[in-house]
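A short reminder: the numbers here are calculations on the coordinates, not readings from a lab. Just so it is clear, the structure is predicted and the values come from calculations on it, not from any experiment. Neighbour counts run over all protein chains shown; Cβ positions are idealised from the backbone, glycine included.
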Amino acid sequence: MSRLAKKSIKVPAGVSVVQADGLVVVKGPKGEDKVKIAAGLDVKITDGSVMVSDVLGSRQSRADAGTVWSLISNAILGVTEGFGKVLEIEGVGYRANMEGDTLVLLLGYVNPVRFKLPPGVSVTVDKNVIRITGISKELVGQVAAQIRALKKPEPYKGKGIRYQGEVIRRKVGKKAATATTAA
């Protein structure tokens, strides 16, 4: 069995966890999140804790137990604190702004790129910093990856969209490469 699934998940005050129809529904101050329970698993909800155990004992159900444990733990954390990602835009003339629920990006293309946000995710833009927040860790990460994929940072000048703190390995350009070999 997964090492994680051997531990119980503590449920903080103000959060309710209910099991219904193969789902675990977690409700908290920031909203509601649902986690699907994989086949061959049993979820026991007692006052103040949640336990995930596998019933079948197969290799796959043991692996699924750890995955479902992590998903439930993330759902509890999401409805209490929420998750967030920060993206930075770097490049001359690269900008972002919000128009309703659409993120408008000027990334050096002929037309501005319009990215419609899915429900459950909110975005704020300050100069060249995009902050993505929501209660679902998976959805926040997916939206951040999709926005980053619109203009990945390139290795020569470093222009593009990157995660905050991401280090881009820079390459030497043609002129600098030929100057060092000629000397």
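Brief remarks on what is shown
- For Phe115, Phe83, order by how many other beta-carbon atoms lie within 10 Å, fewest first: Phe115, Phe83
- Top of Ile168, Ile147, Ile37 by mean-square fluctuation, Gaussian network on the chain, Cα under 10 Å: Ile168
- The range 52-87 and the range 107-156 have Cα centres lying 25 Å from one another.
- Using a Förster distance of 30 Å, the FRET efficiency for Ser8-Lys127 (Cβ separation, nearest 0.05): 0.10
- Note on the range 83-163: antiparallel DSSP beta bridges, both residues inside, total approximately 100 percent of the bridges counted.
- Arranged from fewest to most other beta-carbon atoms within 10 Å of their beta carbon, Leu107, Leu23 become Leu23, Leu107.
- Out-of-range pairs (alpha-carbon distance over 18 Å; input Lys7/Lys85; Lys34/Lys137; Lys152/Lys174; Lys6/Lys34; Lys6/Lys44; Lys30/Lys127): Lys7/Lys85; Lys152/Lys174; Lys6/Lys34; Lys30/Lys127
- Most fluctuating residue given options Arg148, Arg169, Arg131, as computed from a GNM of the chain linking Cα atoms under 10 Å: Arg169
- Relative contact order %, the range 89-183, counting alpha carbon pairs below 8 Å whose residues are six or more apart: 21
- Structural descriptor for the chain: relative contact order 17 percent, calculated from alpha carbon pairs under 8 angstrom and at least 6 residues apart.
- Counting only whole DSSP H helices of the chain, the ones at least 15 Å long by C-alpha along their axis and with mean Kyte-Doolittle hydropathy no lower than -0.5 are 59-80, 137-149.
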